[in-house]
Amino acid sequence: VVCLGVPNWVYGQSSDLVISQGPIGPAQVIRSQIDTVQVTIKNAGTDTIRTAFDIRVYLSLDAVVNAGDRTVGNEALAPPIAPNDSVTVNVPVEVSALLALGAYQWLAQVDVSGLVGEGDETNNLGVGNVVQVVAPPADLFVLTGPSGATEVNLNGNYTVTIDFKNQGSGPTQNVFDVVVYLSADTLHDSTDVEVGRSTISD
């Protein structure tokens, strides 16, 4: 006995995965931080999809997937998906700490491995919004101080010591100033008098 499998196209049926919405991701991402990109996938064919497939998210400099694009997320989706049905998936993404800073575009591609037999294999790509990749932020925090003389004279020169640290997840990117004021209370306002300033370039 010989069993023959008759393909769907003999009956005029086929599956067709398309991205009907998205990818929709944040407009700004920090390197090494986990975010989420939303992709809505539709079966635009006439046959139910019964094979599991993958969804891959890229950061791209243009609207085309090429060898230079960085894969930042991948998710598996289990069937079935009936004709004209849609499934929305939140794909976790993480941008490499080594990725160059700048403007990119979210791209998503379904059935990258080609596991689903489709009537049209050319419409599996979705182009999303522009995203800026930025460095992890710095967070300057005063540890101790300011400490200095307990009595000062007008026009006198004194030294004030301040210990501070960067408790953020990234380095400071620009030169910044440390400013010392004389204040009548513990609140900083327009009545305080600036008496010293030091520029930090490290």
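One table, with the values for the structure above:
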read-out: Per-residue ³J(HN,Hα) for segment 179-194, Karplus 6.51 cos²θ - 1.76 cosθ + 1.60, θ = phi - 60°, Hz, x for Gly and Pro; value: 10, 10, 10, 9, 9, 7, 8, 9, 10, 8, 8, 5, 7, 6, 10, 6
read-out: Mean Cβ count within 10 Å, highest first, over the residues of peptides 146-152, 95-101; value: 95-101, 146-152
read-out: Mean-position separation - Cα centroids, segment 173-202 and segment 119-146, in angstrom; value: 32
read-out: Set of segment 21-55 residues, backbone N closer than 14 Å to the point 7 Å along the Cα-Cβ line of ASP85; value: 41-53
read-out: Portion, in percent, of the accessible area of the chain that falls on carbon or sulfur, probe 1.4 Å; value: 52
read-out: Nonlocal amide H pairs with VAL93, under 5 Å, H built at 1.01 Å; value: ASP35, THR36, VAL37
read-out: 25 °C / 0.890 mPa s Stokes-Einstein diffusion coefficient of the chain, Kirkwood radius on C-alpha pairs, µm²/s; value: 114
read-out: Burial ranking of peptide ranges 39-49, 174-184 (average Cβ count within 10 Å, highest at the top); value: 39-49, 174-184
read-out: Inter-label distance, nm, simple model (7 Å from Cα along the C-beta direction), ALA149/VAL195; value: 0.8
read-out: Rounded FRET efficiency, nearest 0.05, which uses the C-beta distance separating SER96 from ASN174 and R0 of 22 Å; value: 0.40
read-out: Per-residue HN-Hα couplings for segment 58-68 [Karplus 6.51, -1.76, 1.60; θ = phi - 60°; Hz; x = Gly/Pro]; value: 10, 10, 10, 7, 9, 9, 10, 7, 9, 5, x
read-out: Where the chain is the region considered: accessible area per residue in Å², 1.4 Å probe; value: 62
read-out: Rounded Å value of the spacing that divides the Cα centres of segment 15-35 and segment 37-113; value: 7
read-out: Pair ASP139, THR51: separation of 7 Å Cα→Cβ label points (nm); value: 4.8
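The values are calculated or read from the model by the stated rules, or taken from the named source; none is laboratory data. These numbers come from a predicted model, not from an experiment. FYI the Cβ positions are ideal-geometry reconstructions off the backbone, even for glycines, and counts take in every protein chain you see. To get the accessible areas, we keep the full protein, side chains included, count just its heavy atoms, and leave off ligands, DNA and RNA. Shrake-Rupley method; radii C 1.70, N 1.55, O 1.52, S 1.80 Å.
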